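*Asks:* Attaching a single structure in structure tokens format; questions to follow.
No lab work stands behind these numbers, since they all come straight from the coordinates. None of the values given here were measured: they were computed from a predicted structure. Please note: Cβ atoms are built from the backbone with ideal geometry, for glycine as well, and neighbour counts cover all protein chains shown.
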Amino acid sequence: MMAVLTKEGSHTIVEVLDELRELGDIISGDLETLGGETLLNETTGEKIDVFAQDFHTDLARAKSLLWNRS
């Protein structure tokens, strides 16, 4: 799972369905939809299949979702 920082300063939490990405990679796509989505890693040019868990979250909630998952 990873958090994507949006241009607006909120976070989108996604479950990565393939290989996890590097910290600092630029990710684009529909970051305001729950469920299955294909995002683009602009840093590497790769497509990333994800399942969006939450969006428009602040940093505290993003940390909670990432660190307290079961």
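*Asks:* Report, by residue number, each residue of the stretch 4-34 that is of a type in the set (A, V, I, L, M) and out of contact with any strand residue (DSSP E or B) (no Cβ under 8 Å at 6 or more places or on another chain).
*Replies:* Matches in the stretch 4-34: L23 only.
*Asks:* Among the residues of the stretch 17-62, which ones are within 13 Å of L5 (Cα to Cα) and either assigned to a loop (DSSP other than H, G, I, E, B) or without any contact (Cβ under 8 Å) to a residue 12 or more places away in the chain (or both)?
*Replies:* L23, G24, D25, I26, G29, D30, L31, E32, D58, A60
*Asks:* Can you tell me which residue is nearest to the chain's Cα centre (by Cα) among those in the stretch 1-31 that are within 22 Å of N68 (Cα to Cα) and among the acidic types (D, E)?
*Replies:* Ranking the qualifying residues of the stretch 1-31, first place goes to E15.
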